[in-house]
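Colleague: If you scroll down you'll find the structure; I have some questions about it.
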Amino acid sequence: MKEQIVGFGERDEKMAHEGLWQQLIALDRQKTAQRAKCQYRSEPERYIITLLNTEYVVNLSDKQIFSVEPGSAPELAEFLEQLCLLAYLINAQDLPVANKLVRVEALPGGQFFFKGQHGLPTEKLEKAFGQCPERLYEVAEQFDAKRCEFGDASIELHVLPRIPLTIVIWRECDEFPARASILFDQSVAAHLPLDALLTVVNLAVEALKK
């Protein structure tokens with residue numbers, strides 16, 4: 001079962017995301033599906049989209065989002081999952097990947113936003129995989145991640161259809177501590193605002209740590 005956020009009821013979550021729902025509902029359905037690289041279905045109106053290799057149904061009629069996994073009953077998406085999906089559906093653009101990896105500082109505004117409490121969660125990756133980088137490959141299999149050739153272990157993980165992350169781990173040794181890096185395709189800034197991008201990264205890191 002997914003962990004519930006203490007003190008946040010279903011009605012509170014709807015109210016917190018109400019502005020995003022209104023923006024999404026106002027958009028052209030077919031164009032939104034094309035931009036976000038997902039499916040649109042009518043009766044009831046809904047988008048079907050993948051987040052971290054799990055399928056989600058975004059219902060426009062009742063403003064609810066459920067995860068749908070084979071052999072399991074649908075589960076209401078968690079607060080941050082809802083935030084990421086709504087922000088992505090609203091902002092994503094019909095653009096191909098640039099196939100150019102950049103650090104977060106190279107994104108527009110990134111050098112100012114990703115500091116302090118908004119820093120990337122690389123320490124969590126270092127603690128989880130620094131002593132055994134190869135474990136990253138084992139964990140990443142469930143997310144259909146692609147192996148890369150950087151560091152001691154690295155993967156390309158599609159968190160959302162147009163949002164690939166490249167995660168690199170360097171092994172801890174006697175001379176150097178473990179090190180982790182999170183790289184982005186240069187196109188990512190077109191698909192999400194920076195605060196939503198950070199939430200996407202945090203979701204991905206937490207999923208890999210489990």
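Each reported figure results from applying straightforward, stated rules to the coordinates on display, with no laboratory input. It should be emphasised that the depicted structure is a prediction, and the values quoted were computed from it without experimental measurement. All Cβ positions, glycine included, derive from the backbone under ideal geometry; neighbour counts span all protein chains shown.
Colleague: Working from the pairwise distances between different alpha carbons, so that the mean of 1/r is found and then inverted, what is segment 10-91's Kirkwood radius in Å? The partial results should precede the final answer.
Modeller: On the way: mean 1/r = 0.0787 Å⁻¹.
Roughly 12.7 Å, rounded to one decimal.
Colleague: Quick check for you: which residues of segment 103-119 have the amide N under 17 Å from the point 7 Å beyond the Cα of residue 186 toward its beta carbon?
Modeller: Answer for this model: 103-111.
Colleague: Among rounded, prolate and oblate, which fits segment 72-121 when a ≥ b ≥ c are the square roots of the eigenvalues of its C-alpha gyration tensor, a/c under 1.5 means rounded, and a/b larger than b/c means prolate?
Modeller: Oblate, since a/c reaches 1.5 and b/c is not below a/b.
Colleague: Another one. Test of understanding: extend the Cα→C-beta vector of residue 27 to 7 Å, then name every residue of segment 95-124 with backbone N under 13 Å from that spot.
Modeller: 95
Colleague: At residue 98 and residue 202, where each label point lies 7 Å from the Cα along Cα→Cβ, what is the point-to-point distance in nanometres?
Modeller: A separation of 2.5 nm, rounded to one decimal place.
Colleague: Fewest Cβ neighbours within 10 Å first, please rank 159, 57, 97, 200 accordingly. Write out the running numbers ahead of the final one.
Modeller: On the way: 159 22, 57 18, 97 13, 200 26.
Lowest to highest Cβ neighbour count: 97, 57, 159, 200.
Colleague: Please give me the summed charge of the neighbours of residue 55: other residues whose Cβ is under 13 Å from its Cβ, Lys and Arg +1, Asp and Glu -1. Walk me through the numbers on the way to the answer.
Modeller: Values: positive: 41, 46; negative: 69, 75, 81, 144.
Counting the neighbours of residue 55, the net charge comes to -2.
Colleague: What percent of all Cα-Cα pairs in the chain falls in each 5 Å bin, counting up from 0?
Modeller: Whole-percent P(r) values from 0 Å outward: 1, 7, 15, 18, 19, 17, 12, 7, 3, 1, 0, 0, 0.
Colleague: Along Cα→Cβ, 7 Å out, is where each label goes; now give me the distance between the ones at residue 210 and residue 146 in nm to one decimal.
Modeller: Label-label distance for residue 210 and residue 146, simple model: 2.5 nm.
Colleague: Report the far tail of the P(r) of segment 101-209, meaning the percent of Cα-Cα pairs longer than 25 Å. Show your work: numbers first, answer last.
Modeller: On the way: 990 of 5886 pairs.
Summing the P(r) of segment 101-209 above 25 Å gives 17 percent of all pairs.
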